[in-house]
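Participant: After the structure tokens below, expect a handful of questions from me.
The values are calculated or read from the model by the stated rules, or taken from the named source; none is laboratory data. A quick note: this is a predicted structure, and the numbers were derived from the prediction, not measured. Please note: Cβ atoms are built from the backbone with ideal geometry, for glycine as well, and neighbour counts cover all protein chains shown. Heavy atoms of the whole protein, side chains included, go into the accessibility calculation; ligands, DNA and RNA do not. Shrake-Rupley method; radii C 1.70, N 1.55, O 1.52, S 1.80 Å.
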Amino acid sequence: MDLHILDHRLRVTSISKNGLVHFTHPLIKLIFLRNRTGCKFFSLTETPENYTVVLDEEGFKELQPSEHLQVEGSIWLPLNVVANGNVSSSSQAVGVTKIAKSVIAPLAEQHVSVFMLSTYQTDFILVREKDLAVVVSTLEEEFHIFREVAGESVPLCRQDAHNGLHKNGKEAILPTVHPVLIPQNHFCVMSLDPDTLPSIATTLIDVLFYSNSPKDDAASTPGQELDCVKFFSFSLIDGYISLVMDTEAQRQFPADLLFTSSSGELWRMVRIGGQPLGFDECGIVAQISQPLADSDISAYYISTFSFDHALVPEEDIARVTEMLHHQRKDAAAS
């Protein structure tokens, strides 16, 4: 398999719910006027706590410093797995399942924190730029590694890979087993022809900026079972659009413009974390993705500024719930 280090340098940010009004104009510009901003990697995810915005350095210039904007201090690089010449495709309902063992788990063992962004088209594994040496050294035996330079994929020579690169060498530490919540929403993972984006502009703006209510913003208590959770994700990356929304939000969009996989399946969410997770703990993604991979259960995985979210097929949610229950029971007993 091939592993591509994509030619984007990304920032991970968070906009508070009550501060969104200060960023409405730049966000609309980033979504609908990308030719003016020069932004090629943009993702906006709304959760009950905040809005997570992941964007490249050109896009980041559009966000002015504010008390309502939190910025994680690192530069992040997106990795992409290519198998048999084809980009790992989530639209085929494989998601992180196929890359969990080969990428996510080895990086967790080397204490490399990852930030996941699954889209309709593919899965992006974000790693800190400062961790790239350890990433390459860890994965070079499993993958042919390429680095994108000015749009071209250039093989990372083994000599280059060993030039100053090394494995972490730290003793493995068992990660904290975090609580999970499983809301009752049913979710869709969809895409849209970029040329038709103006046709849904009014609906998209309404869903993103005007659909909040006090009930939506109510904070959840650790261990609480949620009836529903506010979650909406829009990504525009290298010209491809991906949308993740629940069925209630989906009904607001024209059915003939959004498309999904041929099976049209619905997804259920597993929300990881009782308290905000932070960015430094390693193994959080592996904690969920590894057992799903072992059970051959498809999954999308979307990290946000405060919590992580896995989407699994609706027909597998009972099996996933039982598996996670046993995982936490075993952790408590150990």
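Participant: When only the heavy atoms of the protein chains count and the probe is 1.4 Å, how do His326, His178, His25 rank by accessible area, highest first?
Facilitator: Details: His326 85, His178 25, His25 140 Å².
Most to least solvent-accessible, the answer reads His25, His326, His178.
Participant: How much accessible surface area, in Å² rounded to 10, belongs to the heavy atoms of Arg11 with a 1.4 Å probe?
Facilitator: Number for this one is 40 Å².
Participant: Here is a further query. Report the extension gain between Tyr210 and Glu322 in nm, rounded to one decimal, defined as 0.36 nm multiplied by the number of residues separating them, less their alpha carbon distance.
Facilitator: Numbers: separation 112, 0.36 × 112 = 40.32 nm, distance 3.68 nm.
Stretched fully, the Tyr210-Glu322 segment lengthens by 36.6 nm.
Participant: Give me the percent of the accessible area of the range 247-316 that comes from carbon and sulfur atoms, probe 1.4 Å, all protein chains in place.
Facilitator: On the way: 1200 of 2700 Å².
Its accessible area is 45 percent carbon and sulfur atoms.
Participant: Roughly how many Å² of Lys40 are accessible to a 1.4 Å probe, to the nearest 10?
Facilitator: 130
Participant: Residues in the range 227-267 near a label at Lys61, defined as backbone nitrogen under 18 Å from the 7 Å Cα→Cβ point?
Facilitator: 238
Participant: Compute the distance in nm between two label points, each set 7 Å from the Cα along the Cα-to-Cβ direction, one at Asp296 and one at Arg9.
Facilitator: With each label placed 7 Å out from Cα toward Cβ, I get 4.4 nm.
Participant: So, R0 is 35 Å and r is the distance between the beta-carbons of Thr176 and Ser199; what FRET efficiency does that work out to, to 0.05?
Facilitator: Values: r = 45 Å, r/R0 = 1.28.
FRET efficiency, Thr176 to Ser199: 0.20.
Participant: To the nearest 10 Å², what's His22's accessible area with a 1.4 Å probe?
Facilitator: Probe radius 1.4 Å; accessible area of His22 about 120 Å².
Participant: Determine the gain in length on full extension of the stretch Ile75-Asp280; use 0.36 nm per residue of separation and subtract their C-alpha separation, reporting nm with one decimal.
Facilitator: Values: separation 205, 0.36 × 205 = 73.80 nm, distance 1.37 nm.
This chain segment gains 72.4 nm when fully extended.
Participant: Per 0.36 nm of contour for each residue apart, how much would the distance between Asp238 and Glu314 grow if the chain were fully extended, relative to their Cα-Cα spacing? Display every interim value, and only then the final one.
Facilitator: On the way: separation 76, 0.36 × 76 = 27.36 nm, distance 2.98 nm.
Difference between extended and current length: 24.4 nm.
Participant: Using R₀ = 22 Å, calculate the FRET efficiency as 1/(1 + (r/R₀)^6) where r is the Cβ-Cβ separation of Phe32 and Glu248; round to 0.05. Could you put the intermediate results ahead of the total?
Facilitator: Values: r = 24 Å, r/R0 = 1.08.
Result of the calculation: an efficiency of 0.40.
Participant: Which pairs break 27 Å Cα to Cα here: Lys29/Lys130; Lys130/Lys230; Lys61/Lys130; Lys17/Lys329?
Facilitator: Numbers: Lys29/Lys130 30 Å; Lys130/Lys230 33 Å; Lys61/Lys130 22 Å; Lys17/Lys329 35 Å.
Flagged as over cut-off: Lys29/Lys130; Lys130/Lys230; Lys17/Lys329.
Participant: Next up: Peptides 66-76, 311-321: what's the order by average Cβ count within 10 Å, highest mean first?
Facilitator: Peptide ranking by packing, descending: 311-321, 66-76.
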